[in-house]
């Protein structure tokens, strides 16, 4: 008799609970073929039927002596039946190492991860399983239930629809879908009242949310349940905003316009990825609102109206609207300064500032932000304006009309209020006021036009580069306590001023002041526009430096160290700073890529001629895409 026939008869005996006959048939096969995997697996099921779990586990362990074949997944199922879930998980892990798209292995491991409370990983595995086997209704239904428990109603409805397309007679799933759809209809309601003629909400939204010209973004959800945005190269016209308000489309806007200005700024308060393993609790929602209140209080102190929007998922957006365009760099620095003044966020949360770029290249768009009042496709939630306690306004369309846009002069006043530090000799109204506050350094002010230019830039633009601050430190840092106060007073006008960080930098002032040639090398864009051509009578062994305006002998005997070691030390400091910055940026990009992999339910991304893979320990590796 053929081996397959013998094994088929053995299965029939197991199903009939005739274990002696089944064991005899399996033994006959193993005599002639000791490594026949199906025979060993049927023998394990014989011991399962006889309630001999130790013998089953022994047989499972023996699998390592057997060939790996198409029946490998059966070992995991047997381990599950004997309640050895850790072994089952290891078997499925090994299976997926060999065959990453094995739908059964992905599905079974996903279920085990759910049992172990590894929710995020379970969802990712089930998403991959559904992509590998789109017609497997149980996977779709399991995924839909996970989405519903996480209140991701849009994803849940999509997954139930897909499952019912394959199993239309599943009454339980159809009932669950009706519950999800009812919840979505409830969440999609747009509280509104009649808006006066000529003040349509779409007209108002075009004014408030004017961003990059001739392009907008549209949110999508694909057949695999993934949600994202695609640019649509078409102006954000009123008929499109009508679709957005009706819930037929969900749109976003790219804040930075072609002239590098913006008409609004926003802060996105969201839950960190590592805090999303379980459904959002009321306590976590209150944490989001508490952080929103902290930020809103700062805007209120600056006399700026701020508006709160439920972002439709797990966070909120805080919006500020401007009556005329302001450079994106200025708004970005201002919002970053607000965040720095108020922060840090709660450990479970993260804050993100929009605009995210100072400038956007002509062929780029920058980061987008979703428009309010639309429906978030992942959750089915309507993104409504709320008060600081999370209560939705009853008249959303009317609320749009009441939003105040900040005048340019009021924005600049807010900037001035924000940057005024509390230190003695802190930021004041003008460079001339600074000079008057430090009369002991008048000879230096008169002699060094570069120093005056830096003071004026700090007062007018509220920004100094790293090299500009370094020059200030390496000149004024050698003037004792008064010089330190002057540094604080100048840098205090900058949006990102920090008293403690500035003092730390002053405490690290190098032993010799910076030379005039080094200043010209570091700040050519400033020295080329002012009369940087001082002629000093150099002290013996000295070198030219602005401090000679106060003390003609200050650099006496220092030129050797300054000339020989200064450039090397500067190079080392700059390289260390770049190394630390690149490490921070690399860590952030790696976190973003891991999030992208988790969101897509994959362990591999292909883009730009590269293949990015994540190994079993979560490490990222890059290979050239040769295919």
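The values are calculated or read from the model by the stated rules, or taken from the named source; none is laboratory data. Not measured: the values here are computed from a predicted model. Because the Cβ atoms are built from the backbone with ideal geometry, glycine has one as well, and the counts that use them run over all protein chains shown.
Are any residues in segment 266-317 over 14 Å from residue 346 (Cβ atoms), at pLDDT 85 or above and assigned to a loop (DSSP other than H, G, I, E, B), and if so, which ones?
302, 303, 304, 305, 306, 311, 312 - these are the residues of segment 266-317 that are over 14 Å from residue 346 (Cβ atoms), at pLDDT 85 or above and assigned to a loop (DSSP other than H, G, I, E, B).
Residue 480 fails exactly one of the following numbered conditions: (1) at pLDDT below 90; (2) more than 21 Å from residue 456 (Cβ to Cβ). What is the number of that condition?
Condition (1) is where residue 480 drops out.
Any residue in segment 220-228 that is touching a residue at least 60 places away in the same chain (Cβ under 8 Å), surrounded by fewer than 18 Cβ atoms within 10 Å (Cβ to Cβ), touching a strand residue (DSSP E or B) at 6+ places or on another chain (Cβ under 8 Å) and not in a helix (DSSP H, G or I)?
Checked segment 220-228: at least one residue is touching a residue at least 60 places away in the same chain (Cβ under 8 Å), surrounded by fewer than 18 Cβ atoms within 10 Å (Cβ to Cβ), touching a strand residue (DSSP E or B) at 6+ places or on another chain (Cβ under 8 Å) and not in a helix (DSSP H, G or I).
With respect to residue 488, is the statement that it is in a loop (DSSP other than H, G, I, E, B), out of contact with any strand residue (DSSP E or B) (no Cβ under 7 Å at 6 or more places or on another chain) and either at pLDDT 90 or above or in the same structural domain as residue 542 (by TED's automatic domain parsing) (or both) true? I'd like the intermediate steps shown before the answer.
Numbers: in a loop (DSSP other than H, G, I, E, B): no; out of contact with any strand residue (DSSP E or B) (no Cβ under 7 Å at 6 or more places or on another chain): yes; either at pLDDT 90 or above or in the same structural domain as residue 542 (by TED's automatic domain parsing) (or both): yes.
Spelling it out, it is not the case that residue 488 is in a loop (DSSP other than H, G, I, E, B), out of contact with any strand residue (DSSP E or B) (no Cβ under 7 Å at 6 or more places or on another chain) and either at pLDDT 90 or above or in the same structural domain as residue 542 (by TED's automatic domain parsing) (or both).
Just checking, which of 539, 510 is under 42 Å from the mean Cα position of the chain (by Cα), on the phi < 0 side of the Ramachandran plot, surrounded by fewer than 21 Cβ atoms within 10 Å (Cβ to Cβ) and not in a helix (DSSP H, G or I)?
510
Output the residues belonging to segment 16-26 that are surrounded by fewer than 21 Cβ atoms within 10 Å (Cβ to Cβ), assigned to a helix (DSSP H, G or I) and in contact with a helix residue (DSSP H, G or I) (Cβ under 8 Å, 6 or more places away or on another chain).
Let us first name the residues in segment 16-26 that are surrounded by fewer than 21 Cβ atoms within 10 Å (Cβ to Cβ), namely 16-21, 23-24.
Still in the running and assigned to a helix (DSSP H, G or I): 19-21, 23-24.
Across segment 16-26, the qualifying residues are 19, 21, 23.
Restricting the search to segment 159-183, which residues are crowded, with 19+ Cβ neighbours inside 10 Å and under 17 Å from residue 382 (Cα atoms)?
Passing the criteria: only 180.
State whether the residues of segment 93-102 include one that is surrounded by 15 or more Cβ atoms within 10 Å (Cβ to Cβ), in contact (Cβ under 8 Å) with a residue 24 or more places away in the chain and closer than 30 Å to residue 605 by Cα.
Scanning segment 93-102, I find at least one residue that is surrounded by 15 or more Cβ atoms within 10 Å (Cβ to Cβ), in contact (Cβ under 8 Å) with a residue 24 or more places away in the chain and closer than 30 Å to residue 605 by Cα, so the answer is yes.
When the residues of segment 337-364 are narrowed to those that are assigned to a helix (DSSP H, G or I) and at pLDDT 90 or above, which ends up surrounded by the most Cβ atoms within 10 Å (Cβ to Cβ)?
Going residue by residue through segment 337-364, those that are assigned to a helix (DSSP H, G or I) are 337-342.
Still in the list and also at pLDDT 90 or above: 338-339.
Values: 338: 26, 339: 17.
In this case the residue turns out to be 338.
Run down 177, 152, 164, 190 and say which single residue is touching a strand residue (DSSP E or B) at 6+ places or on another chain (Cβ under 7 Å) and not assigned by TED's automatic domain parsing to the domain that holds residue 228. Working first, answer last.
Numbers: 177 fails: touching a strand residue (DSSP E or B) at 6+ places or on another chain (Cβ under 7 Å); 152 fails: touching a strand residue (DSSP E or B) at 6+ places or on another chain (Cβ under 7 Å); 164 fails: touching a strand residue (DSSP E or B) at 6+ places or on another chain (Cβ under 7 Å).
None of the others qualify; the one that does is 190.
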